[in-house]
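The values are calculated or read from the model by the stated rules, or taken from the named source; none is laboratory data. The structure presented is a predicted model; accordingly, all values stated were derived computationally and were not measured. We place every Cβ from the backbone using ideal geometry, glycine too, and count neighbours over all the protein chains shown.
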Amino acid sequence: MPNQVTLDIVSLAADGVTYSVYLVEQGPWADSEVPQELRRVQERLYSALEVIPDGKLAELYPETNGKAVV
């Protein structure tokens, strides 16, 4: 599990059942930065995805426990 993950937004969807997790990135990036930035975003995404099934998301946001997350 990653040591630190930043989830920018965790919100209840309009259906009142599903939670959405958002990662926000700012750009644009210079052409020379794109490969490095994409690798960084990929690692961030993988780290964020790890916190959902291992229960860390529910620890941080108890209202998400047992709910569908997208």
Practice task
Return a yes/no flag: does the range 31-48 have any residue that is touching a strand residue (DSSP E or B) at 6+ places or on another chain (Cβ under 8 Å) and at pLDDT below 95.
Solution key: yes
Exercise for the section: Assess whether Val24 counts as being part of a loop (DSSP other than H, G, I, E, B) and at pLDDT 95 or above. Expected result: yes
Problem - Every pair of residues 6+ apart whose Cβ atoms lie under 9 Å, when the first sits in the range 30-42 and is at negative phi while the second is surrounded by 11 or more Cβ atoms within 10 Å (Cβ to Cβ) and not charged (D, E, K, R) - result: Gln36/Trp29; Glu37/Trp29; Leu38/Trp29; Val41/Leu23
Practice task
Those residues that are surrounded by 13 or more Cβ atoms within 10 Å (Cβ to Cβ) and not in a helix (DSSP H, G or I), I need them from the range 27-70; list them, please.
Solution key: Trp29, Val51, Ile52, Tyr61, Lys67, Val69
